[in-house]
1. Go through the range 92-100 residue by residue and turn each phi into a ³J(HN,Hα) via Karplus (6.51, -1.76, 1.60, θ = phi - 60°); whole Hz please, and just put x for glycine and proline.
2. Quick one: what are the phi-derived ³J(HN,Hα) couplings along the range 170-187, Karplus 6.51/-1.76/1.60 with θ = phi - 60°, whole Hz, x for glycine and proline?
3. Starting at the first residue of the range 104-120, write each ³J(HN,Hα) from the Karplus equation 6.51 cos²θ - 1.76 cosθ + 1.60 with θ = phi - 60°, in whole Hz, x for Gly and Pro.
4. Just how far, in whole angstrom, is the range 59-111 from the range 118-182 if you go by their alpha carbon centroids?
5. Would you mind ranking His104, His136, His72 by Cβ crowding within 10 Å, fewest neighbours first?
6. Sorted by mean Cβ packing within 10 Å, highest first, what order do the peptides 138-145, 60-67 take?
7. Just name one of Ser77, Tyr95, Thr106: the one whose Cα is farthest towards the positive end of the charge dipole of the range 69-168 (beta-carbon charges, Lys/Arg +1, Asp/Glu -1).
8. Collect residues whose amide H, placed 1.01 Å from N in the peptide plane, falls under 5 Å from the amide H of Ala41; neighbours closer than 5 in sequence don't count.
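Read the figures in this text as sums done on the coordinates, not as results from a lab. A quick note: this is a predicted structure, and the numbers were derived from the prediction, not measured. Backbone-built Cβ (ideal geometry, glycine too); neighbour counts: all protein chains shown.
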Amino acid sequence: MYLLRFCFGVNRAVTVSVAVLGLALLAVQGVVAEVVRTADAGFAIEHSLMLPVSPEVAYDVMTGDISGWWDHSFSDSPKAFYIEPKPGGGFYEIYDDSGDGVLHATVIVAQRGKMLRYTGPLGLSGSAITMVMTYHYEPKGEGTLVKVTVDASGNIEKGWDETVDGVWRHFLFERLKPYVESGRYLEKPGFESDY
C-alpha cells in the first residue's frame, strides 16, 4: 500500500491509505496520478488595535455592511461587502444589483461584542488554502482592544505570509481605525447602536 498524506494545517495531518490495486487499475485505464508536492504549510498572523468605541459597536462596525473600510475586491467596482454575523452567515462581495458576486468566507462563530470567527480563502480564492480569521473584542478603558488573528494552512506559496500580513495591516490600521475614529461608521446604512 502507498501512503498519501494530506495536510490540514501545521502539526495536523490525516493519513489516507491507497491500495496498490486501485492505482494499478487507474494506470491500466490510461489515467496517471501522482503526488507533486507534499508539505506541512501554514502561517499565523496577529494584530491588535484600540478603537474608541464599545465592544458591541466595534463588532457592529466590523460586520454587516463593511464597504466603508474593506477595499480589496475581485470586481473593479463592487456594490458592497457584507458579513452576516451569524453561524453559517457569509462574507460576500456583491458585484451588482443582480446579486452576482463572491462568497469569500463563512462565519463559524458569532458572539456580538465578544468574538467573530469565519473561515475561507478570502482573496486567495481558487488556491488550495484555508484561512481562519478571528476577531476578539475586549473592553479597555473608554474603548475596545480588538485582536485579529489569521491562521492559514494549505498549499501556500512563498511570500503569501508577508502579503496577507500587509493586507491585514492595511485593513486594520489604514482603513478600519480611521473609519471608526472619524465617526464615519455612523453613516453606515442601517447603523444603530445603543452603546
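1. 10, 10, 9, 6, 7, 5, 6, x, 4
2. Calculated HN-Hα couplings, in order: 4, 4, 6, 9, 9, 10, 5, 4, x, 4, 6, 4, 7, x, 4, 4, 5, 8 Hz.
3. So the Karplus estimates, Gly and Pro as x, are 7, 6, 10, 6, 10, 9, 9, 9, 3, x, 10, 7, 10, 9, 9, 10, x Hz.
4. So the separation of the two Cα centres works out to 14 Å.
5. Working: His104 24, His136 17, His72 14.
The most exposed by this proxy come first: His72, His136, His104.
6. On the way: 138-145: 14.4, 60-67: 20.0.
Sorting 138-145, 60-67 by mean packing, highest first, produces 60-67, 138-145.
7. Thr106
8. For Ala41, whose amide H was placed from the backbone, the distant partners under 5 Å are Gly9, Gly154.
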